[in-house]
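Below: the structure, in C-alpha coordinates.
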Amino acid sequence: MNSYKINFTNRVTPETVSIKYKVILNEPESAKSITQFGNSAFQRFASPLSYFKTGQAAIQVIRQIVQSMDNTKYQLQAINFASSEDEKILGVPSKDEILAVISKVTDNQVDITVEHHLLLG
(Lines give C-alpha, C1' and ligand atoms only; values in the text may rest on other atoms or scores of the structure.)
Protein backbone atom coordinates (compact mmCIF):
# COMPACT_ATOMS: atom_id res chain seq x y z
CA MET A 1 0.00 0.00 0.00
CA ASN A 2 1.34 3.42 -0.96
CA SER A 3 1.20 6.13 1.66
CA TYR A 4 0.57 9.81 1.08
CA LYS A 5 0.72 13.12 2.88
CA ILE A 6 -1.27 16.34 2.72
CA ASN A 7 0.58 19.65 2.79
CA PHE A 8 -1.39 22.79 3.69
CA THR A 9 -0.36 26.41 3.17
CA ASN A 10 -2.44 29.51 3.78
CA ARG A 11 -2.87 33.17 3.07
CA VAL A 12 -4.78 35.54 5.34
CA THR A 13 -5.60 39.06 4.19
CA PRO A 14 -7.95 41.68 5.68
CA GLU A 15 -10.62 40.48 3.23
CA THR A 16 -9.91 36.80 2.53
CA VAL A 17 -8.68 33.48 3.88
CA SER A 18 -7.09 31.12 1.33
CA ILE A 19 -6.18 27.52 2.06
CA LYS A 20 -4.01 25.65 -0.44
CA TYR A 21 -3.21 21.95 -0.34
CA LYS A 22 -1.24 19.26 -2.15
CA VAL A 23 -1.61 15.51 -1.81
CA ILE A 24 1.77 13.86 -2.37
CA LEU A 25 2.50 10.15 -2.73
CA ASN A 26 5.53 8.89 -0.85
CA GLU A 27 6.34 6.59 -3.78
CA PRO A 28 5.49 8.22 -7.14
CA GLU A 29 3.35 6.27 -9.59
CA SER A 30 3.53 6.78 -13.36
CA ALA A 31 6.25 9.39 -12.70
CA LYS A 32 3.75 11.45 -10.72
CA SER A 33 3.88 12.19 -7.02
CA ILE A 34 1.16 14.86 -6.69
CA THR A 35 -2.29 13.27 -6.92
CA GLN A 36 -4.39 16.29 -5.96
CA PHE A 37 -3.96 19.99 -5.36
CA GLY A 38 -6.33 22.80 -4.76
CA ASN A 39 -7.20 26.11 -3.26
CA SER A 40 -10.21 27.28 -1.30
CA ALA A 41 -10.64 31.03 -0.94
CA PHE A 42 -13.21 32.61 1.37
CA GLN A 43 -14.41 36.18 1.80
CA ARG A 44 -14.05 36.71 5.53
CA PHE A 45 -17.26 38.75 5.84
CA ALA A 46 -19.36 35.82 4.61
CA SER A 47 -18.10 33.11 6.99
CA PRO A 48 -18.25 32.89 10.78
CA LEU A 49 -14.87 33.52 12.38
CA SER A 50 -15.12 30.20 14.25
CA TYR A 51 -15.05 28.31 10.91
CA PHE A 52 -11.44 29.36 10.37
CA LYS A 53 -10.26 29.67 13.99
CA THR A 54 -11.24 26.05 14.83
CA GLY A 55 -9.74 24.61 11.64
CA GLN A 56 -13.06 23.50 10.16
CA ALA A 57 -12.02 24.69 6.70
CA ALA A 58 -9.07 22.26 6.82
CA ILE A 59 -11.31 19.46 8.18
CA GLN A 60 -13.59 19.85 5.15
CA VAL A 61 -10.63 19.55 2.78
CA ILE A 62 -9.21 16.54 4.65
CA ARG A 63 -12.59 14.78 4.48
CA GLN A 64 -12.81 15.41 0.73
CA ILE A 65 -9.29 14.12 0.11
CA VAL A 66 -9.69 10.95 2.17
CA GLN A 67 -13.03 10.20 0.50
CA SER A 68 -11.53 10.60 -2.95
CA MET A 69 -8.45 8.41 -2.40
CA ASP A 70 -8.84 4.65 -2.92
CA ASN A 71 -8.23 3.36 0.60
CA THR A 72 -7.45 -0.13 -0.69
CA LYS A 73 -4.38 1.32 -2.45
CA TYR A 74 -3.45 4.44 -0.47
CA GLN A 75 -3.08 5.27 3.20
CA LEU A 76 -2.75 8.72 4.71
CA GLN A 77 0.50 8.95 6.65
CA ALA A 78 0.96 12.62 7.51
CA ILE A 79 -0.60 16.07 7.41
CA ASN A 80 1.66 19.11 7.42
CA PHE A 81 0.33 22.58 8.23
CA ALA A 82 2.28 25.73 7.43
CA SER A 83 2.11 28.35 10.16
CA SER A 84 -0.96 30.51 9.99
CA GLU A 85 -0.26 34.00 8.76
CA ASP A 86 -2.69 35.19 11.45
CA GLU A 87 -3.43 32.75 14.26
CA LYS A 88 -6.21 35.03 15.56
CA ILE A 89 -8.09 34.26 12.33
CA LEU A 90 -6.93 30.83 11.09
CA GLY A 91 -6.26 27.87 13.35
CA VAL A 92 -5.35 24.22 12.92
CA PRO A 93 -7.76 21.46 13.93
CA SER A 94 -6.70 19.17 16.74
CA LYS A 95 -5.15 15.81 15.94
CA ASP A 96 -8.12 14.13 17.65
CA GLU A 97 -10.57 15.95 15.35
CA ILE A 98 -8.54 14.94 12.30
CA LEU A 99 -8.35 11.29 13.38
CA ALA A 100 -12.09 11.21 14.09
CA VAL A 101 -12.91 12.48 10.59
CA ILE A 102 -10.54 10.04 8.90
CA SER A 103 -11.81 7.10 10.97
CA LYS A 104 -15.41 7.97 10.12
CA VAL A 105 -14.69 8.20 6.40
CA THR A 106 -12.58 5.03 6.20
CA ASP A 107 -14.29 2.95 8.93
CA ASN A 108 -10.81 2.28 10.33
CA GLN A 109 -8.87 3.48 13.33
CA VAL A 110 -5.84 5.34 12.02
CA ASP A 111 -2.78 7.02 13.43
CA ILE A 112 -1.07 9.70 11.39
CA THR A 113 1.54 12.35 11.99
CA VAL A 114 0.27 15.93 12.23
CA GLU A 115 2.99 18.56 12.04
CA HIS A 116 3.10 22.34 12.16
CA HIS A 117 5.86 24.08 10.22
CA LEU A 118 7.09 27.62 10.47
CA LEU A 119 6.73 28.02 6.72
CA LEU A 120 4.39 30.61 5.31
CA GLY A 121 2.43 29.74 2.20
*Residue by residue through the stretch 80-85, which ³J(HN,Hα) values in whole Hz follow from phi under the Karplus form 6.51 cos²θ - 1.76 cosθ + 1.60 (θ = phi - 60°), with glycine and proline marked x?*
10, 10, 6, 4, 5, 5
*Report K22's accessible area, 1.4 Å probe, all protein chains in place, as a number in Å² to the nearest 10.*
100 Å²
*Tell me the label-point distance for the pair N71, K104, using the 7 Å Cα-to-Cβ offset, in nm and rounded to one decimal.*
1.3 nm
*Hey, what's the Kirkwood Rh for the chain if you take every pair of different alpha carbons, in angstrom?*
14.8 Å
_Phi to ³J(HN,Hα) by Karplus 6.51 cos²θ - 1.76 cosθ + 1.60 over the stretch 7-22, Hz, x for Gly, Pro_ = 10, 10, 10, 8, 9, 10, 10, x, 10, 9, 10, 10, 10, 10, 9, 9
_Which one, A82, A31, A58, has the greatest fluctuation when you compute a Gaussian network model over the chain with C-alpha springs under 10 angstrom?_
A31
*Would you mind checking which residues have amide H under 5 Å from I79's amide H? H placed 1.01 Å from N; only 5 or more apart, or other chain.*
I6, T113, V114, E115
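What value, in deg cm²/dmol to 500, does the helix sum -39500 (n - 2.57) over DSSP H runs of n ≥ 4 give at 222 nm once divided by the residues of the chain? Kindly include the intermediate steps, with their values, before the conclusion.
Working: 3 runs with 30 residues, N = 121.
The per-residue figure over the chain is -7500 deg cm²/dmol.
Based on DSSP, what percent of beta bridges with both residues in the chain are antiparallel, to the nearest 5? Mind dumping the intermediate values first?
Details: 19 of 31 bridges.
In the chain, approximately 60 percent of DSSP beta bridges are antiparallel ones.
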*Give me the angle, in degrees from 0 to 90, between the Cα long axis of helix 56-68 and the longest principal axis of the Cα atoms of the chain, rounded to the nearest 10.*
20 degrees
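The values are calculated or read from the model by the stated rules, or taken from the named source; none is laboratory data. Every value quoted in this text rests on a predicted model; they were computed, and no experiment measured them. Using ideal geometry, Cβ is built from the backbone for each residue, glycine included, and neighbour counts are taken over all protein chains shown. Only protein heavy atoms, including side chains, enter the accessible area calculation; ligands, DNA and RNA are left aside. Shrake-Rupley method; radii C 1.70, N 1.55, O 1.52, S 1.80 Å.
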